[in-house]
Amino acid sequence: KNEVEQSPQNLTAQEGEFITINCSYSVGISALHWLQQHPGGGIVSLFMLSSGKKKHGRLIATINIQEKHSSLHITASHPRDSAVYICAVMGAQKLVFGQGTRLTINP
Amino acid sequence: KAGVTQTPRYLIKTRGQQVTLSCSPISGHRSVSWYQQTPGQGLQFLFEYFSETQRNKGNFPGRFSGRQFSNSRSEMNVSTLELGDSALYLCASSLRPLGGNQPQHFGDGTRLSIL
């Protein structure tokens, strides 16, 4: 079993829909990161969380430390949100990554 | 402020050769970490350097090595290349070492293809 599990692996939705991507982890962590990767490879850090909830524009990230679970929400999704979203946890001095969720938003 | 710069962007090598990849962190950042991304294994941690010292290493063979210079620029070397080394290699920089609660700034990666 992977230390970090994301679901779903693939998600296709229509523009405007509310999107949720989930991340569960099995190790102790000091922080959890949500990353966005567009075709071509570059990775952008969206959020870093150690507790509670953070919001940036249409993106919201939450974490429940007791349940070892985090969610990334996208409100009013747009085709430009199409990307791979990766959850990564900071464990013993290194990042451990989920397998990513490929999100496609159709106009 | 310039972002993390990785060179080259693309590289083609043959089995048995060696390769050196470069990563220039954001100015002032002293931690540089390296990652390998493949379709089968996803993103995996290779190693981290902070103030010219390797702090941690992932589960990779000794063919993978790195170093960091006094200006915080880092290089990664892979010797005796194998087909399975074909991957996107990413580096990320941060102000302080991994383990603290701080964002990681990623470069665009070097795509290495082994023929």
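Taking a point 7 Å out from the Cα of B:LEU11 in the direction of its Cβ, the residues of segment B:43-82 whose backbone N falls within less than 14 Å of it are B:63-67, B:74-82. Treating r as the C-beta distance of B:ARG63 and B:LEU83 and R0 as 22 Å, the FRET efficiency rounds to 0.95.
For B:LYS13, the aspartates and glutamates whose Cα falls under 14 Å of its own Cα, not counting residues fewer than eight places away in the same chain, are B:GLU82, B:ASP85. Starting from the Cα of A:LYS94, draw a straight line to each of the aspartates and glutamates and keep only those under 12 Å, dropping any in the same chain fewer than 8 residues away. Straight-distance partners of A:LYS94: B:GLU48. Full extension of the chain segment joining B:ALA2 with B:ASN71 gains 23.4 nm, where the gain is 0.36 nm per residue of separation less the Cα-Cα distance. Taking 0.36 nm per residue of separation and subtracting the current Cα-Cα distance, fully stretching the chain between A:VAL44 and A:SER30 would add 3.1 nm. Taking each residue as 0.36 nm, the span from B:ARG96 to B:GLN18 lengthens on full extension beyond its C-alpha to C-alpha distance by 25.0 nm.
Throughout, read-outs are computed from the coordinates displayed, never taken from laboratory work. These figures come from a predicted structure and were not determined experimentally. Glycine gets a Cβ as well: all are built from the backbone with ideal geometry, and neighbour counts include every protein chain shown.
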